[in-house]
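Read the structure below first, then the notes.
The values are calculated or read from the model by the stated rules, or taken from the named source; none is laboratory data. These figures come from a predicted structure and were not determined experimentally. No Cβ is skipped: glycine too gets one built from the backbone with ideal geometry, and neighbour counts run over all protein chains shown. Areas reflect the complete protein model, heavy atoms only, side chains present, ligands, DNA and RNA absent. Shrake-Rupley method; radii C 1.70, N 1.55, O 1.52, S 1.80 Å.
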Amino acid sequence: MSAEREMVVNSSSVHPESSLATTGELKREITWKDAFWFASGVPALVLFSIGAIASTVGNISWVVWVLSILMGFLQAFTYAEIAGMFPNKSGGASVYGAMAWIRYSKLIAPLSVWCNWVAWSPVLALGTQLASGYVLNSFFSHSPITTWQFTLLNLGWIKQGLSLRINVSFIISAAFLVLIFAIQHRGALSAARLQKVLAIAALLPLLLVGIIPLFIHGISFSNLFPLHPLSGSWDMKGWTLMFGGMFLAAWSTYGFETAVCYTSELKNPQKDTYKSIFASGLLCIVIFTMVPFAFQDTLGLKGLLDPDVASGAGVSKAMAHMLGGGVFIEGLFVLLLILSLVLAIMTAMAGSSRTLYQASVDGWFPKYLSHVNKNGAPTKAMWTDLTFNLILLLLSDYTFILAIANVNYIIFNFLNLNAGWIHRIDRSNWSRPYKVPKWLLVTNIIFAFVNLIFVGMGADIWGAGTLWTGLICAALIIPVFLFRHYVTDKGKFPEKMLKDMDMKNPSFVKRAGIWPYVTIIAAILFIVIAHEIAVYH
């Protein structure tokens, strides 16, 4: 390690609380508990796809969720190691992983960060759309306003039935977005305090729906077994359905990695980064295991195939019915579920805006995104998030949006899990507050390739062309980065980023050699082969 790098690491570890931000920087004012409360919105992501997965894969749905959250939890150990190496950075796991790739390719590093943002940012649109659906379905189900719609543009050439439109759901969703933006505008500490209050109320319905039905109805083995996909047998079509479910579930179950988005805002980043991600992971194991299990145990395959459940709009009513309450209990439960979604949206806005901010500071994304207000909030990044999601709200198919987002998420996931071994080889002597056991590091590399099989086989389950549309969305970062790097910055990275990466150290050697390139080639082959052997009809 260079003397300069040694000084950076040691000074931040001895006096992290003294590194208070000045104007234009994020502030060190939160603890791991605050970061945990920020990430506490992730369990609510189960509401986004529980209906879609259940109605697509059948009674293997609960197994999909259990396997997915266990994979996500193990993968988080790699994220925890690389996050601890960069105590002065914000933006989450993708930023820390991109630092491993930057020496090998200027394009792959920003691709990782971009894919993470493209995956996380749509939570704002999807969450508010789902919340507005709960409101309309529960309180205005027979009103003519629910069917009013004005079509702006037909996008059937992308996906059959897709369009840009304005309806009542868009208006309610936009109001939710603006409210959450105003809350986040006040800074991380203020938002975290509100998240704590919201989380206690919002996580309650998820815990109730995971526990109470088991006491009321017991365990119905006929609703859980035999473990056959909806196609009826474990042939290639059955495995394609299974992997399609694993693909979509990953977007929710892996999401607690957002707990490491706040490293540069933690008072003690070396210790708090590790604590926040694993506390969040344990919470997610409980919710993502219990809720889908109880959901399927109570409703059975017939209930899972209900069109309202599949669309997501009827999930709140189905869960309220599971508790056995009357009209009042149902209305109260729906309100609590809406709070859960608001919590998830706040988590996504906080994390995705910091990803934009840090990528701008590092010289990958447009320069204007590095602006921070007096409260320490990355407001221009937040405005970008808000604008982007208002456009997404105009789209008519939210499951298609989710699937495209997850194509990008799996790309980020693959690059980040492999960043673990690249960092281990290239920066073996860097300070690591937590070091993942070698067997688990290798296991997570295997998981990275397994996830590529999920995306290759499973993406197009959610609409023909989903895989290619997702890959095209990922490639959009290339012109953005080239303009920032070669036009705005004249081919040079910002000084701070060079220090973080030790790029001024002449003795730095790319010890990983050709293996990062071999890994990328192998990834492409995995996706292509998986897509070719999948059976969709």
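Within the stretch 305-340, being crowded, with 17+ Cβ neighbours inside 10 Å, over 26 Å from the mean Cα position of the chain (by Cα) and either under 21 Å from Gly41 (Cα atoms) or of a type in the set (Ser, Thr, Tyr) (or both) holds for one residue alone: Ala320.
Is there any pair linking a residue in the stretch 111-126 that is closer than 9 Å to Asn389 by Cα and in contact (Cβ under 8 Å) with a residue 60 or more places away in the chain to one that is polar (S, T, N, Q) and open to solvent by less than 10 Å² (accessible area, probe 1.4 Å), with Cβ under 6 Å and at least six apart or on different chains, and which? From the stretch 111-126, the pairs are Ser121/Ser352; Leu124/Asn389; Ala125/Asn389. Yes or no: the stretch 384-401 includes at least one residue that is outside any helix (DSSP H, G or I), of a type outside the set (S, T, N, Q), at pLDDT below 85 and open to solvent by 10 Å² or more (accessible area, probe 1.4 Å). Yes, the stretch 384-401 has at least one match. With the requirement that a residue be polar (S, T, N, Q), surrounded by fewer than 24 Cβ atoms within 10 Å (Cβ to Cβ) and more than 15 Å from Phe243 (Cβ to Cβ), what does the stretch 52-89 give you? Ser55, Asn59, Asn88, listed by residue number. Listed by first and then second residue, the pairs linking a residue in the stretch 233-247 that is closer than 11 Å to Ile453 by Cα to a residue that is surrounded by fewer than 17 Cβ atoms within 10 Å (Cβ to Cβ), with Cβ atoms under 8 Å apart and 6 or more places separating them unless they lie on different chains, are Thr240/Val535; Thr240/Tyr536; Met246/Leu67. Would you check if Asn116 is open to solvent by 10 Å² or more (accessible area, probe 1.4 Å), part of a helix (DSSP H, G or I), of a type in the set (S, T, N, Q) and within 29 Å of Thr466 (Cβ to Cβ)? No, not satisfied.
Going by the conditions given, is Ile287 at pLDDT 85 or above and under 24 Å from Ser132 (Cα atoms)? Spelling it out, Ile287 is indeed at pLDDT 85 or above and under 24 Å from Ser132 (Cα atoms). Name the single residue, out of those in the stretch 132-175 being under 17 Å from Leu47 (Cα atoms) and modelled with pLDDT of 85 or more, that is surrounded by the most Cβ atoms within 10 Å (Cβ to Cβ). Filtering first and then ranking leaves Ser173. When the stretch 506-537 is limited to residues that are open to solvent by less than 40 Å² (accessible area, probe 1.4 Å) and part of a loop (DSSP other than H, G, I, E, B), the one that is modelled with the highest pLDDT turns out to be Ala534.
Listed by position, the helices (runs of 4 or more DSSP H) inside the stretch 222-313 whose residues that are among the aromatic types (Phe, Trp, Tyr) and in contact with a Phe, Trp or Tyr (Cβ under 9 Å, 6 or more places away or on another chain) number at least 1 are 236-253, 269-304.
Residue count for the stretch 402-439 under the criterion of being aromatic (Phe, Trp, Tyr), touching a helix residue (DSSP H, G or I) at 6+ places or on another chain (Cβ under 7 Å) and open to solvent by 30 Å² or more (accessible area, probe 1.4 Å): the result is 2.
Here Gly376 clears all of (1) part of a helix (DSSP H, G or I); (2) surrounded by fewer than 24 Cβ atoms within 10 Å (Cβ to Cβ); (3) in contact with a Gly (Cβ under 8 Å, 6 or more places away or on another chain) except the condition numbered (1).
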